[in-house]
Amino acid sequence: MDKRKKKMYFPHRLAEPKDMGKVELDVFEKISRESQKRWNLPFLDFVLKSSSLEKGNILDVGSGPGFLARDLAKKSKKLHVIGLDVSQYAVSQARKNGANIGNLEFKKGSVYNLPFPDNFFDVVICKDSFHQFPNKPVQALKEMLRVVKKDEGLIYINDLRRDVPLYLINRVVPPNSTFEKLLYYSARAAYTKIELQKIIEKAGGKCITVTTRKVTDKIKRLYEKEGIDPRFLKESFQSRYLAVIKNK
């Protein structure tokens with residue numbers, strides 16, 4: 001038996017007990033506002049560098065309070081960024097947070113029936129939301145594949161691993177605050193890298209990579225200049241997988 005499986009705090013995946021409501025969304029927005037730079041910047045830099053995208057359409061699936069989509073739209077006016085969330089309350093939050101940015105918009109909609117035409121987006125991103133598609137991950141990914149451009153379009157999924165290092169899980173066990181509960185239930189509902197690879201295969205996508213990023217000296221120096229503590233980078237990278245997928 002794989003020793004890593006013995007050490008998994010959550011050996012079996014359990015969906016989150018409920019969708020995020022107003023209280024949870026308000027807490028998440030507050031923490032996101034305080035942490036937006038360190039949460040978003042390394043991911044956005046990776047997306048833009050690896051895709052070589054300088055202009056085009058980008059979809060943020062599960063955009064929440066909108067900071068990720070907003071930061072991406074600020075990178076270049078040649079990028080048209082659309083954030084989509086199933087919660088009208090989250091969309092309202094995002095519209096306030098992204099006000100007066102001309103190349104940014106937010107829509108209410110379901111990942112299972114994306115309100116966009118085939119082959120429309122150059123890039124689709126989904127950060128810390130894929131585990132929230134509890135029973136139909138294959139259908140969700142099929143929809144992302146449908147709307148991203150065939151052959152040249154890319155999908156980026158960055159989300160918690162269920163086999164997250166135990167030292168990080170132990171910080172939220174038992175979960176006392178609302179935010180700790182969000183982290184605990186999210187980790188419990190997350191997929192492992194192997195599980196995600198199987199989902200990609202079933203959805204008909206081409207898996208470019210599913211990896212856990214490492215903090216190199218170059219990355220450390222780069223984000224120290226941005227005021228991001230290298231210890232946070234290590235914890236953030238270790239607790240998540242990063243998947244790059246093509247519409248083959």
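Kirkwood-type hydrodynamic radius, the range 1-143: 16.3 Å, calculated from all non-identical alpha-carbon pairs.
Computed from the Kirkwood radius of its Cα pairs, the Stokes-Einstein diffusion coefficient for the range 67-118 at 20 °C and 1.002 mPa s stands at 189 µm²/s.
Cross-linked pairs K202/K234; K127/K225; K150/K206: Cα-Cα separations exceed 20 Å for K202/K234; K127/K225. Counting pairs of Cα atoms in the chain, how many percent are more than 29 Å apart? Value for the chain: 25 percent of Cα pairs lie more than 29 Å apart.
Once the other residues with Cβ under 12 Å from the Cβ of G83 are scored (Lys, Arg +1; Asp, Glu -1), what is the net sum? Residues close to G83 contribute a combined charge of +1.
When the P(r) is computed for the range 95-179, the part past 17 Å accounts for 63% of the Cα-Cα pairs.
Applying the Karplus relation 6.51 cos²θ - 1.76 cosθ + 1.60 with θ = phi - 60° to the range 188-204 yields 3J(HN,Hα) values of 5, 8, 6, 9, 7, 4, 5, 5, 5, 4, 5, 5, 4, 4, 5, 6, x Hz, where x marks Gly and Pro.
For F106, the residues whose modelled amide H falls within less than 5 Å of its own, excluding neighbours fewer than 5 places apart on the same chain, are G83. In terms of the mean number of neighbouring beta-carbon atoms within 10 Å, the peptides 99-105, 170-176, 181-187 order highest first as 181-187, 99-105, 170-176.
Lysine pairs in the range 29-106 whose alpha-carbon atoms fall under 16 angstrom of each other, counting only those eight or more residues apart or on distinct chains, come to 11. Summed over qualifying helices (DSSP H, 4 residues or more, each -39500 (n - 2.57)) and divided by its residue number, the chain shows a 222 nm mean residue ellipticity of -13000 deg cm²/dmol. Each principal axis of the Cα cloud of the range 154-248 was evaluated for its coordinate range; sorted largest first, these ranges are 40, 35, 19 Å. Amide H contacts of N57 (H built 1.01 Å from N, in plane; Pro and chain starts excluded): H80, D122, V123 sit under 5 Å, all sequence-distant by 5 or more or on other chains.
Every number here is computed from the coordinates shown, using simple stated rules; none is lab data. Because the structure is predicted, anything quoted here is derived from the model rather than measured. Virtual Cβ from ideal backbone geometry, glycine too; neighbours counted across all protein chains shown.
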